[in-house]
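The values are calculated or read from the model by the stated rules, or taken from the named source; none is laboratory data. Quick caveat: nothing in here was measured; it's all calculated off a predicted structure. Please note: Cβ atoms are built from the backbone with ideal geometry, for glycine as well, and neighbour counts cover all protein chains shown. Surface accessibility is based on the protein's heavy atoms, side chains included, excluding ligands, DNA and RNA. Shrake-Rupley method; radii C 1.70, N 1.55, O 1.52, S 1.80 Å.
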Amino acid sequence: MDVLTTIAEFINNTNIPEQFRQVDAGGLFTNPWFLVPFVAFVGYQLYKQSFTTLIIAGVAIGVWLFTGSPMAKDLIVDGQLQIGKILPIAGVGVVALAIIVYFLFMRSD
């Protein structure tokens, strides 16, 4: 348990959660320093015909974009959890996990 406490303190001291909240998705996907390696990754995965990796990367990017949506941002308002928004957000998480489990464990390339 001491290791987990150390990791949690490291994450909080480096402000990693705040850095994730401040990411500009539009700016990220127009930045050539991100876009060139990303396009190379996608091209290489297409060349290898590794569609499972591409789909999992797409799901990860989709979930990341969803967490920045107004629905996910308004989950907690004034310190109060909005009960009406829990089910749709949990549904997105369940669907994302179902897709990942399907492609990793149930479908073979």
Of G68, G26, G58, the most mobile residue in a GNM of the chain (C-alpha springs, cutoff 10 Å) is G26
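How many Å² of accessible area per residue for the chain, probe 1.4 Å? List each step's numbers first, then the result.
Numbers: 8510 Å² over 109 residues.
Solvent-accessible surface per residue comes out at 78 Å².
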Sequence order, region 45-58: Karplus ³J(HN,Hα) from phi using 6.51 cos²θ - 1.76 cosθ + 1.60, θ = phi - 60°, Hz rounded, Gly and Pro as x, gives 5, 5, 4, 6, 6, 9, 6, 4, 5, 5, 5, 5, 5, x
For the pair L87 and L28, the simple spin-label estimate (label points 7 Å beyond Cα toward Cβ) gives in nm 3.0
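At 222 nm, what value in deg cm²/dmol follows for the chain if DSSP H runs of at least 4 each add -39500 (n - 2.57) and the sum is divided by all its residues, to the nearest 500? Could the numbers behind the result be given before it?
Working: 7 runs with 76 residues, N = 109.
Computed mean residue ellipticity for the chain: -21000 deg cm²/dmol.
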Ranking I89, T5, V59 by how far each Cα lies towards the positive end of the charge dipole of the chain (+1 on Lys and Arg Cβ, -1 on Asp and Glu Cβ), the top one is V59
Among (i) -0.42, -1.13, -1.23; (ii) -0.75, -1.21, -1.21; (iii) -0.66, -1.17, -1.21, the entry matching log10 I(q)/I(0) by the Debye sum over Cα atoms at q = 0.13, 0.21, 0.22 Å⁻¹ as calculated here is (ii)
For region 10-109 the mean separation of alpha carbon contacts under 8 Å (6+ apart) over residue count, i.e. relative contact order in percent, is 24
Per DSSP, the loop-located trypsin sites (Lys or Arg not before Pro) within region 1-108 having at most 11 other beta carbons within 10 Å are R107
Per residue, the convex hull enclosing the Cα atoms of region 1-50 spans a volume in Å³ of 124
